[in-house]
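All remarks here apply to the structure that follows.
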Amino acid sequence: MPQDNQIAVEFHNVTFSRNNRPLVSNLNFSIHRGEALILLGRSGSGKTTTMKLINRLFIPTQGEVLFDGIPTAQWDEIKLRRKIGYVIQETGLFPHFTVERNVGLVPSLEGWKPKQIKTRVYELLHLVGLDPEKFAQRYPHELSGGQRQRVGVARALAADPPVLLMDEPFGALDPITRLELQQEFKRLQQELGKTVVFVTHDIQEAFVLASRIGLMDGGELVVLGTTNEFLHSQHPEALAFLQCLKPAI
Ligand SMILES: Nc1ncnc2c1ncn2[C@@H]1O[C@H](COP(=O)(O)OP(=O)(O)OP(=O)(O)O)[C@@H](O)[C@H]1O
Ligand SMILES: [Mg+2]
């Protein structure tokens, strides 16, 4: 099958079941290189499960997920994950590693020189708004929840992977820091041309960051389109989310 070079990830009729119950079903969509695809949906709608099908934490029960044209089931897991930065919902930092070691983990696994790693780690900590002089030597338990999330984002960016999966990475931040990081992240994503899959249940955030929005409902992708197309969707779940865009006062 000829490979379309503009496509980073493709879902073909994907269903993933546990104990004979589908968690997601009938997923058919492509993620374009360089786009920010926002997966929006209420709690339990299948967003995290869809992400985990991309980096092979889950393998489809039916259908297949292609990464760079190759089914994830055929990918060497380690090689695949080196191409994919992953920020998980709970940040997933190693508790017994300093911030510096956590952020520099993948570069060090890839054999970068210590000086190069340190420069990169400091650059990334600046980027996510954490002063390296203050934070590099701390341990995760010495940080606030929002600071830990920012370290998680820095870590995912560290080895410059072409694809980033971000599962509610800004969830624990105060609204001002959150907006700053969203804007910073959008600038960065456009500048670096990364392919990003970003999960949120916050429609405001989806509109700030999206190239396209994919709306999940009951384990299915029910709407997929640009923000403008989303605004005109008549799907009841899209209408329910659009209600939340209206100003509260
Ligand atoms: N390992 C698992 N085994 C069985 N069921 C699971 C497993 N992981 C998730 N589920 C179920 O699958 C459904 C989808 O879960 P998922 O984590 O993908 O939702 P989500 O959209 O990410 O929700 P949230 O916004 O709360 O993080 C839920 O009903 C959940 O209870
Ligand atoms: Mg989730």
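Could you give every pair whose Cβ atoms fall below 6 Å, whose first residue belongs to the stretch 205-221 and is within 16 Å of V14 (Cα to Cα), and whose second residue is within 11 Å of ligand 1 (Cβ to nearest atom) and of a type in the set (V, I, T), counting only separations of at least 6 or pairs across chains?
What qualifies is G219/V24.
Just give me the residues in the stretch 50-63 being away from ligand 2 (no atom under 14 Å from the Cβ) and basic (K, R), in sequence order.
Within the stretch 50-63, just R56 meets the criteria.
Counting only residues that are within 16 Å of ligand 1 (Cβ to nearest atom), of a type in the set (D, E, K, R) and farther than 14 Å from V197 by Cα, which one in the stretch 50-95 is surrounded by the most Cβ atoms within 10 Å (Cβ to Cβ)?
Restricting to residues being within 16 Å of ligand 1 (Cβ to nearest atom), of a type in the set (D, E, K, R) and farther than 14 Å from V197 by Cα, the top hit is R56.
What number of residues in the stretch 64-93 are more than 16 Å from ligand 2 (Cβ to nearest atom) and without any contact (Cβ under 8 Å) to a residue 12 or more places away in the chain?
The initial filter retains those residues of the stretch 64-93 that are more than 16 Å from ligand 2 (Cβ to nearest atom), namely 64-85, 93.
After this cut, where a residue has to be without any contact (Cβ under 8 Å) to a residue 12 or more places away in the chain as well, the list is 70-71, 74, 76, 78-79.
Selection size over the stretch 64-93: 6.
Across the stretch 14-49, which residue is surrounded by the most Cβ atoms within 10 Å (Cβ to Cβ) among those that are within 16 Å of ligand 2 (Cβ to nearest atom) and free of Cβ contacts under 8 Å to residues at least 12 places away in the same chain?
Selected residue: G44.
Say we look at the stretch 29-49 and pick out the residues that are touching an Asp or Glu at 6+ places or on another chain (Cβ under 9 Å) and more than 15 Å from ligand 1 (Cβ to nearest atom); which of these is nearest to L165 (Cα to Cα)?
By that ranking, first place goes to I31.
Of all the residues that make up the stretch 146-176, how many are surrounded by fewer than 15 Cβ atoms within 10 Å (Cβ to Cβ) and within 16 Å of ligand 1 (Cβ to nearest atom)?
Initially, the stretch 146-176 is screened for residues surrounded by fewer than 15 Cβ atoms within 10 Å (Cβ to Cβ), giving 160, 174-176.
Then keep just the ones that are within 16 Å of ligand 1 (Cβ to nearest atom); that gives none.
Final tally of qualifying residues: 0.
Every residue, every condition in (1) away from ligand 2 (no atom under 16 Å from the Cβ); (2) among the aromatic types (F, W, Y), yes or no:
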position: F170; (1), (2): no, yes
position: L181; (1), (2): yes, no
position: G193; (1), (2): yes, no
position: H201; (1), (2): no, no
position: R212; (1), (2): yes, no
position: L215; (1), (2): no, no
position: G225; (1), (2): yes, no
position: N228; (1), (2): yes, no
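Quick one: is A158 of a type outside the set (D, E, K, R) and either within 16 Å of ligand 2 (Cβ to nearest atom) or in contact with a helix residue (DSSP H, G or I) (Cβ under 8 Å, 6 or more places away or on another chain) (or both)?
yes
Taking the stretch 101-142 as the region of interest, how many residues are outside any helix (DSSP H, G or I) and among the aliphatic types (A, V, I, L, M)?
Number satisfying all stated conditions: 3.
Read-outs: derived from the displayed coordinates by stated rules, not from any lab. Computed from a predicted structure; not experimentally measured. Virtual Cβ from ideal backbone geometry, glycine too; neighbours counted across all protein chains shown.
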